[in-house]
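Note sheet for the following structure.
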Amino acid sequence: VHSQDIDDPDYVLYTSQAANVGGVVGKIDTSGNNGNTLLGELKKGTYTNASVSNSYNTGDVRGYTGVGGVVGMMYNGSVAGSYNTGTVNTTRQVKHGAGIIDPLNMGGVVGDTTEQTDANAIIYDVYNKGQIGDETYNFYARHVGGVVGRLSGTLEKAYNTGDIYNNDTTVGGVVGWWYKGDIKNVFNTGNITARA
């Protein structure tokens with residue numbers, strides 16, 4: 001699963017900027033009913049308890065932002081009893097002297113759960129065994145975690161054994177950027193190598 005590859009990092013096509021790429025679900029959005037229709041009569045946000053459970057991904061996942069082995073981006077909702085064994089990577093290439101790095105949240109199970117909102121994701125009984133990033137350091141992300149790239153919510157009973165490589169900082173064996181919430185009963189045994 002991947003968004004279109006970037007041929008020239010100085011000129012990124014819109015088709016290469018597709019957000020929210022996941023091995024099972026691209027985006028869970030239970031932010032509320034805004035009147036837009038989705039899948040015919042179903043309205044966006046109707047199901048405030050949307051969840052992914054007992055699911056897994058073994059394929060490689062690559063994307064521009066919001067990249068996760070199981071779910072790319074979550075706005076509320078839950079993931080439970082699920083795992084990833086595929087490689088997770090971004091398509092963003094390193095540019096010398098690029099300055100500030102745009103947001104890019106990437107995780108072995110969930111890429112992003114947002115921040116500075118009332119959103120509160122629940123992630124329970126999950127793990128990642130897939131490699132995150134690559135040894136060439138030609139690609140980069142800002143928040144990279146073995147399980148969750150950026151966390152706003154609850155993470156419990158989770159672990160990562162996959163190796164993590166990134167050409168930037170803010171990298172964690174379990175969570176890359178912890179904005180708010182609770183983390184309980186987690187561990188990491190994967191190697192972490194970050195350079196900037």
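The values are calculated or read from the model by the stated rules, or taken from the named source; none is laboratory data. Values in this document were obtained by computation on a predicted structure and should not be read as measured data. A quick note on method: Cβ atoms are made from the backbone with ideal geometry, for glycine too, and the neighbour counts reach across all protein chains shown. Areas reflect the complete protein model, heavy atoms only, side chains present, ligands, DNA and RNA absent. Shrake-Rupley method; radii C 1.70, N 1.55, O 1.52, S 1.80 Å.
Taking every alpha-carbon pair under 8 Å whose residues sit at least 6 apart, the chain reaches a relative contact order of 17 percent. Along region 11-16 the Karplus relation, 6.51 cos²θ - 1.76 cosθ + 1.60 evaluated at θ = phi - 60°, assigns HN-Hα couplings of 9, 8, 5, 4, 5, 8 Hz to successive residues, with x for each Gly and Pro. Listed values for region 142-157 are Karplus-derived 3J(HN,Hα) couplings in whole Hz (6.51 cos²θ - 1.76 cosθ + 1.60, θ = phi - 60°), namely 8, 10, 10, x, x, 10, 10, x, 9, 10, 10, x, 10, 10, 9, 6, and x replaces Gly and Pro.
Amide H contacts for H2 (H built 1.01 Å from N in the peptide plane; partners 5 or more residues away or on another chain; cut-off under 5 Å): R62. Among the protein heavy atoms of the chain, carbon and sulfur supply 47% of the accessible surface, probe 1.4 Å, non-protein parts ignored.
For the chain, give the magnitude of the charge dipole about the Cα centre (Cβ charges: +1 Lys/Arg, -1 Asp/Glu; no others), in debye to the nearest 20.
Using only the charged Cβ atoms, the result is roughly 340 debye.
I want to verify a result. In a Gaussian network model of the chain, Cα cutoff 10 Å, which of these has the top mean-square fluctuation: D134, D125, D182? Its mean-square fluctuation being the largest, the pick is D182. Over the chain, accessible surface divided per residue gives 48 Å², non-protein components excluded, 1.4 Å probe. Specify the residue with the greatest mean-square fluctuation among T154, T113, T15, computed from a Gaussian network of the chain linking alpha-carbon atoms under 10 Å apart. Result: T15 has the largest fluctuation of those listed. Basic side chains Lys and Arg get +1 at the Cβ, acidic Asp and Glu get -1 at the Cβ, and with that the dipole of region 47-155 about its Cα centre reaches some 160 debye. Placing unit charges on the Cβ atoms of the charged side chains and taking the dipole of the chain about its Cα centre, the candidate lying farthest along the positive direction among H2, L151, G86 is L151. Kirkwood radius and radius of gyration were both taken over the C-alpha atoms of region 94-196, and their ratio Rg/Rh is 0.98.
Given DSSP loops and a limit of at most 11 other Cβ atoms within 10 Å, what is the longest stretch of the chain that contains no such trypsin sites (Lys or Arg not before Pro)? My reading of the result: 96-194 is the longest stretch. Sites counted here are chymotrypsin sites (Phe, Trp or Tyr not before Pro) in a DSSP loop (not H, G, I, E or B) having no more than 15 other Cβ atoms within 10 Å; the longest part of the chain that contains none of them is 48-196.
Relative to the compact-globule scaling 2.2 N^0.38 Å, provide the ratio for the alpha-carbon radius of gyration of the chain. Don't skip to the answer; put the middle values down first.
Values: Rg = 15.7 Å, N = 196, 2.2 N^0.38 = 16.3 Å.
Ratio of Rg to 2.2 N^0.38 Å for the chain: 0.96.
For region 166-171, 3J(HN,Hα) computed residue by residue from phi via the Karplus equation (6.51, -1.76, 1.60; θ = phi - 60°) reads 8, 9, 6, 8, 6, 10 Hz, glycine and proline entered as x.
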